[in-house]
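S.K.: Structure incoming, see below.
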Amino acid sequence: MANTDNPLLAHGDLPRFDEITPNDVEPAIRQILTQGESDLATAESALEPSWTGTMEALRSVTEPLAFAWGTVNHLMGVQNSPALREAHQAVQPEVVAFSLRLGQSRPVYEALNHLRASDDWDRLDEAQRRIAEASLLQAELAGVALDGAEKDRFVAVQTELAELGTQFSNHLLDATKAFALVLTSPSDVEGLPNSLREAAAAQAQTAGDAESCTAENGPWRMTLDAPVFIPFMEHCHNRDLREQLYRAFITRASNGAYDNTALIDRILELRYEKGRLLGYETPADLSLASKMAPDVEAVDALSLRLREVARPHAQRDLDELQAYARAETGDTTYTIRHWDVAFWAERNREARFAFNDEMLRPYFSFDRVLTGMFELAERLFGINITAADDDTTVWHPDVRFFRIADSAGEQISSFYLDPFSRPADKRGGAWMGECLNRTERPDGRITRPVAYLVCNQTPPVGDKPSLMTFDEVRTLFHEFGHGLQHMLTTVRYPEAAGINNVEWDAIELPSQFMENWCYHQATLRGLSSHYETGAPLPDELFEKILAARTYRSGSQTLRQLYFGMLDMELHHRYQPAGSETVLDIVERVSRDATILRPLPEDRFLCGFQHIFAGGYAAGYYSYKWAEVLSADAFSAFEEAGLDDPSAVAETGHRFRDTVLALGGGRDPMTVFHDFRGREPSTDALLRHCGLADAGCSH
Ligand SMILES: [Zn+2]
């Protein structure tokens, strides 16, 4: 049964994309799992409390699977097909089961524990100790250390939590689907963008609202799906219709057949119980055990500080909107209600920064942007990026391949770039994926890191190049930032190389850091010019990009803080079946973290998927946490002088040697300190958001 020709079994080198077919998936994965099971059993019986006897020994079990399954998952994202989906689905449960068995191996856990208690521990390097510590913690959080009744209870709690999470999502999905507002009069859709009318008419057609539904004549079916709901609230001129849709949105999944109310209470109750079983007082303590934020107090302190600064700005945003709406309507008593905010904010935005994507696109042709971005990376980090498309095979003709060398010309890493949207077989969004992780082997061989950078930007049309929106440019910088951390790592062990083993709330530091450069005029100049005339980006357009960045940032900041604080209160200060209900907590938190207080019937929590069915429980704060880090890191360059090449290079090399190089091999706060020479400060974030002129500055 050994099939050595199967390209998915050829781990350690670049995937042979010209050979891999969906037919290879099942035999390769099954063979790897069978081998893995027996290798794991052998390894478990021979584990020794040493680095070689544990982590190195396990690598022969994990590496083939990581390569094959990683490649399959990558193809699921970029070259999806019914055959591939079927093959993926056929083996996925076995892969999950094997990964669980590995992560919950008691012999591995015990061997690592012995290693930690032995004299050898001090002889391990910092990265090795962090890898072992993280493996131990992950195993403990998976319940490995529990025995007897506690273990049984833990498994029961985990099982019920998984079911409740699925139910929560399904309710939300079904409740969203169950609601529709079917509009028939052209006056009802006044102001709506054509793309929304088209989508709404298509929905009406599918639902059979009329025999023939068109964007021009309707009927139009408005739903609570974000791609419909958000533009509707921004553009619908009819205030009553906005109110109807808004009220439906904030009460989603809070009554009737799809009610999440009771699920929320039960999920929280079980999470508190799970925390206690694992030795934590609250679910928040459990969540933070594996994050960069040291404790709840540190998260609270950051939230409170930002809240105090953002509040007056958010109040001013609302006052301005009110005045604007009164002036526009000629009604001096007009009072902004919840369903008016997005609408007037959009009108005001259009009036103040009269520019749109289409005006910027001609200045951002893909090749120009790419060249400019690579030149920036070369200036900052002393690396050299060159096209090497002929060196390997790819999964689609649009995909590019690049190599990175250091200043001495030595090859460090490489990456694939799959830039364009391809709705037929490619998932939406943008991401960085790991193809190969940096690994120094005991025999001296080194595997160099390889990344996948995947975007979904506007493709070229005819002989017109891909002309990017500003958002697409920012997204490319963002993913490139993740890629740089993956590729410029110097860590010797794949378990902590690049983005591996980086705490969840620190992982967005390099990506958001790179985005900051899109707001630096000289950098933006370096990656833009009119694709036909070669003219530089006009200064007034740049000024508008800058102004749009801080538009209503007080309101946006406060909104994020509200969600984060609510999340933390529910997972740290709530007492299941205590005197304060979940709704009381919403009421308490919203008092200081919202300007327009939620309506009494608001059941936002019933739709708060991030924390009840996603991975963000007691982790929503991470968005702000990472923003503070990335803004503060960028401010090191501002202090050194953004337009001073040698200062930029010096600071850039320090960033490369710390944040990008050390990855998950060192405590993230220490890494930050290594780079910045001090603890993170919120000053830079507030300044970048235009919030620096109010509140106290420490
Ligand atoms: Zn990211």
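The values are calculated or read from the model by the stated rules, or taken from the named source; none is laboratory data. Just so we're clear, the structure is a prediction, and the values are computed from it rather than from any experiment. No Cβ is skipped: glycine too gets one built from the backbone with ideal geometry, and neighbour counts run over all protein chains shown. When the accessible area is computed, the model is the full protein with side chains, heavy atoms only, and any ligands, DNA or RNA have been set aside. Shrake-Rupley method; radii C 1.70, N 1.55, O 1.52, S 1.80 Å.
S.K.: Taking only Cα atoms of the stretch 91-238, what ratio of Rg to Rh do you get with Rh as the Kirkwood inverse-distance radius? If you can, show how the numbers build up before the last one.
M.R.: Values: Rg = 27.1 Å, Rh = 20.4 Å.
Reported Rg/Rh, Kirkwood definition of Rh: 1.33.
S.K.: A further question follows. Convex hull over the Cα atoms of the stretch 158-251, averaged projected area in nm²?
M.R.: On the way: hull surface 26.2 nm².
If you wrap the Cα atoms of the stretch 158-251 in a convex hull and average its projections, you get 6.6 nm².
S.K.: In addition: Leaving out ligands, DNA and RNA, what percent of the accessible area of the stretch 355-431 is carbon and sulfur, probe 1.4 Å? Spell out each step's value before the answer.
M.R.: Details: 1560 of 3360 Å².
Exposed carbon and sulfur together represent 46 percent of the surface.
S.K.: Could you give the alpha-carbon Rg of the stretch 465-582 over 2.2 N^0.38 Å, rounded to two decimals? Mind dumping the intermediate values first?
M.R.: Working: Rg = 20.5 Å, N = 118, 2.2 N^0.38 = 13.5 Å.
With N residues counted in the stretch 465-582, Rg over 2.2 N^0.38 Å equals 1.52.
S.K.: Moving to a separate point now. Please tell me which of these pairs span more than 30 angstrom C-alpha to C-alpha: LYS544/LYS624; LYS151/LYS177; LYS151/LYS291; LYS464/LYS544? Write down the numbers at each step before the final one.
M.R.: Numbers: LYS544/LYS624 25 Å; LYS151/LYS177 39 Å; LYS151/LYS291 25 Å; LYS464/LYS544 26 Å.
Checking Cα-Cα distances, LYS151/LYS177 exceed 30 Å.
S.K.: Round to a whole number: what % of the accessible area of the stretch 141-220 belongs to carbon and sulfur, probe 1.4 Å?
M.R.: Details: 2110 of 4160 Å².
Its accessible area is 51 percent carbon and sulfur atoms.
S.K.: Then there's this: Compute the Rg/Rh shape ratio of the stretch 317-391: radius of gyration over Kirkwood radius, all on alpha-carbon atoms.
M.R.: On the way: Rg = 22.3 Å, Rh = 16.5 Å.
Expressed as Rg/Rh, it is 1.35.
S.K.: Percent of accessible area on the stretch 243-305 owned by carbon and sulfur, 1.4 Å probe? Don't skip to the end; give the middle numbers.
M.R.: Details: 1300 of 2660 Å².
On the stretch 243-305, the fraction of accessible area on carbon and sulfur atoms equals 49 percent.
S.K.: On to the next question. Calculate the translational D of the stretch 278-414 in whole µm² s⁻¹ from Stokes-Einstein, where the hydrodynamic radius comes from the Kirkwood formula applied to all Cα pairs, the temperature is 10 °C and the viscosity 1.306 mPa s.
M.R.: 74 µm²/s
S.K.: Apply the Karplus parameterisation 6.51 cos²θ - 1.76 cosθ + 1.60, with θ equal to phi minus 60°, to every residue of the stretch 292-298 and state each ³J(HN,Hα) to the nearest whole Hz, in sequence, with x for glycine and proline.
M.R.: Once rounded to whole Hz, the list reads 6, 4, x, 6, 4, 4, 5.
S.K.: Give me the percent of Cα-Cα pairs in the stretch 1-116 that sit more than 24 Å apart, rounded to a whole number. Walk me through the numbers on the way to the answer.
M.R.: Details: 2075 of 6670 pairs.
When all Cα pairs of the stretch 1-116 are counted, 31 percent exceed 24 Å.
S.K.: Using only the Cα atoms, what convex hull volume per residue in Å³ does the chain have? List each step's numbers first, then the result.
M.R.: Values: hull volume 132.4 nm³, N = 698.
Looking at the chain, the number lands at 190 Å³ per residue.
S.K.: What's the magnitude of the charge dipole for the chain around its Cα centre, counting Lys and Arg as +1 and Asp and Glu as -1 at the beta-carbon? Answer in Debye, nearest 20. It would help to have the intermediate numbers written out before the result.
M.R.: Working: 65 positive and 106 negative charges, 166 e Å.
For the chain, the charge dipole is close to 800 debye.
S.K.: Let me ask something additional. Take the Cα atoms of the stretch 245-297, find their three principal axes, and give me the spread along each one in whole Å, biggest first.
M.R.: 41, 22, 15
S.K.: Using only alpha carbon positions, build the gyration tensor of the stretch 551-608, then give the equivalent ellipsoid semi-axes as the square roots of 5 times its eigenvalues, largest first, whole angstrom. Kindly include the intermediate steps, with their values, before the conclusion.
M.R.: Working: eigenvalues 92, 30, 18 Å².
They are 21, 12, 10 Å, listed largest first.
S.K.: Over the Cα atoms of the stretch 353-502, compute the convex hull volume and normalise it per residue, giving Å³.
M.R.: Values: hull volume 21.7 nm³, N = 150.
With only Cα atoms used, the stretch 353-502 gives 145 Å³ per residue.
S.K.: While we're on this one: Across the stretch 620-698, what fraction of all alpha-carbon pairs, as a whole percent, falls in each successive 5 Å bin from zero upward?
M.R.: 3, 15, 22, 24, 19, 11, 5, 1
S.K.: Further, regarding this structure: Which log10 I(q)/I(0) values does the stretch 551-672 give at q = 0.19, 0.20 Å⁻¹ under the Debye formula, counting every alpha carbon as one identical point scatterer?
M.R.: Values, matching the q order: -1.04, -1.10.
S.K.: By DSSP, what percent of the beta bridges with both residues in the chain are antiparallel, rounded to the nearest 5?
M.R.: Numbers: 23 of 29 bridges.
The answer is about 80 percent antiparallel.
S.K.: Restricting to DSSP H runs of at least four residues, report the calculated mean residue ellipticity at 222 nm for the chain, -39500 (n - 2.57) per run over all residues, nearest 500 deg cm²/dmol.
M.R.: Values: 26 runs with 377 residues, N = 698.
It lands at -17500 deg cm²/dmol.
S.K.: For the stretch 304-360, what does the alpha-carbon gyration tensor say about shape, rounded, prolate or oblate, given a ≥ b ≥ c as the root eigenvalues, a/c under 1.5 as rounded, and a/b over b/c as prolate?
M.R.: oblate
S.K.: Per-residue counts of other Cβ atoms within 10 Å, averaged by peptide: what ranking do you get for 297-304, 368-375, highest first? Before the final figure, lay out the partial values.
M.R.: Details: 297-304: 16.6, 368-375: 19.2.
Answer by packing, highest mean first, reads 368-375, 297-304.
S.K.: Accessible area per residue for the chain in Å², computed with a 1.4 Å probe and the full protein assembly in place, what is it? If you can, show how the numbers build up before the last one.
M.R.: Details: 30560 Å² over 698 residues.
Using a 1.4 Å probe on heavy atoms only, each residue of the chain averages 44 Å².
S.K.: What is the distance in Å between the Cα centroid of the stretch 289-322 and that of the stretch 362-431?
M.R.: The distance from the Cα centre of the stretch 289-322 to that of the stretch 362-431 comes to 37 Å.
S.K.: May I ask for the distance between the Cα centers of the stretch 497-565 and the stretch 8-44, given as a whole number of Å?
M.R.: Centre-to-centre (Cα) distance: 40 Å.
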